[in-house]
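Peer 1: Provided herewith is a single structure, encoded as structure tokens, for subsequent inquiry.
The values are calculated or read from the model by the stated rules, or taken from the named source; none is laboratory data. Bear in mind that the values here come from a model prediction, so they are computed numbers and not experimental data. Cβ coordinates were reconstructed from backbone atoms using ideal geometry, including for glycine residues, and neighbour counts include every protein chain displayed.
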Amino acid sequence: MFEEKDYFMKMVKEFATAIGKIIGLKSENKIEESQGVLSETLKYFTGLDKEVVEALPYEILIHKVSGSRQLNLEKCLMLGELLTQQADIYEIKLEKPRARSLYLKSLNILINGLLDDDTSVSEQNQEKVNELIEKTGLFNLPDESKLLLFQYYELTKNYAKAEDVLFNLIETVEAKNDILAKGISFYERLINKDQAELEEGNLPIVEVLEGLANLKGYKK
């Protein structure tokens, strides 16, 4: 057990050092050197090449780094961070589409990890999610990402934000009955929450009941 913990702490320290080096080189405008360190770090910690992470869907990347059916949160967080660093390099090179694609993959991987293990929803990880949303644009996200974000906002008790994403999804998705059912279940869960918690999440009980009534009316 102690050996396993020591190995994990050593891995985290090595990863943090590598990320620091990548960021430092970028700040010095040594982009190619930064890319070299990033490619090596990606291969060392995930076993994947840059071309592979760009080509594969995020779900397959999660499976590959996890190495089993169970999601490996630490590896997913590392992969998400490396994808963000790679996207930053593409931003510097003005390769906007490639940067956006990787920002989206990073966001989806990060949220999947946090939904799988809600004990990992730290302030630092929430800041990372917020930064990625800022880079991609909340309402410019694909519906798949919005659905993940809807669940994430409920998990983090940002109920008003969850509602905003929910109503945007209702406007954009084709399978409306499915998202309406998810929305109704969302409001029904909130009804059982403490009113102080709802108000802290900027969605008081009056608005919860109103939202629930609107969705039930919409479904009819």
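Peer 1: For Val206, indicate whether it is outside the structural domain of Ser66 (by TED's automatic domain parsing), without any contact (Cβ under 8 Å) to a residue 12 or more places away in the chain, more than 20 Å from Gly80 (Cβ to Cβ) and more than 15 Å from the chain's Cα centre (by Cα). Break it down into steps so the answer makes sense when it comes.
Peer 2: Values: outside the structural domain of Ser66 (by TED's automatic domain parsing): yes; without any contact (Cβ under 8 Å) to a residue 12 or more places away in the chain: yes; more than 20 Å from Gly80 (Cβ to Cβ): yes; more than 15 Å from the chain's Cα centre (by Cα): yes.
Yes: the conditions hold for Val206.
Peer 1: If you go through region 200-214 one residue at a time, how many are charged (D, E, K, R) and under 16 Å from Tyr153 (Cβ atoms)? Quick ask: steps written out before the conclusion?
Peer 2: Within region 200-214, the first condition is being charged (D, E, K, R), and the residues that meet it are 200, 207, 210.
Narrowing the set further to residues that are under 16 Å from Tyr153 (Cβ atoms) leaves 200, 207.
Result for region 200-214: 2.
Peer 1: So which residues in region 165-197 are acidic (Asp, Glu) and without any contact (Cβ under 8 Å) to a residue 24 or more places away in the chain, if there are any at all? Even if it seems obvious, please write down each step before you answer.
Peer 2: Here is the first cut: in region 165-197, the ones acidic (Asp, Glu) are 171, 174, 178, 188, 194, 197.
Within region 165-197, Glu171, Glu174, Asp178, Asp194 meet the criteria.
Peer 1: Looking only at region 85-118, which residues are touching a Lys or Arg at 6+ places or on another chain (Cβ under 9 Å) and of a type in the set (Asp, Glu)?
Peer 2: Selection gives Asp88, Glu91.
Peer 1: Then there is this: Before we move on, is Ser145 in contact with a helix residue (DSSP H, G or I) (Cβ under 9 Å, 6 or more places away or on another chain), within 23 Å of Ala99 (Cα to Cα) and not charged (D, E, K, R)?
Peer 2: Details: in contact with a helix residue (DSSP H, G or I) (Cβ under 9 Å, 6 or more places away or on another chain): yes; within 23 Å of Ala99 (Cα to Cα): yes; not charged (D, E, K, R): yes.
Judged against the criteria, Ser145 is a match.
Peer 1: What's the total number of residues in region 167-220 that are among the charged types (D, E, K, R), under 25 Å from Ser145 (Cβ atoms) and outside any helix (DSSP H, G or I)?
Peer 2: 1
Peer 1: Is region 145-157 home to any residue that is assigned to a helix (DSSP H, G or I), closer than 26 Å to Leu79 by Cβ and of a type in the set (Asp, Glu)? Steps first, please.
Peer 2: Start the filter on region 145-157 by keeping residues that are assigned to a helix (DSSP H, G or I), which leaves 145-155.
From the residues that got through so far, the ones that are closer than 26 Å to Leu79 by Cβ too are 145-155.
Next, from what is left, pick out any that are of a type in the set (Asp, Glu): 154.
Yes, that holds for at least one residue.
Peer 1: Between Gly36, Gly47, which is modelled with pLDDT of 95 or more and out of contact with any helix residue (DSSP H, G or I) (no Cβ under 7 Å at 6 or more places or on another chain)?
Peer 2: Details: Gly47 fails: modelled with pLDDT of 95 or more.
That would be Gly36, the only listed residue that is modelled with pLDDT of 95 or more and out of contact with any helix residue (DSSP H, G or I) (no Cβ under 7 Å at 6 or more places or on another chain).
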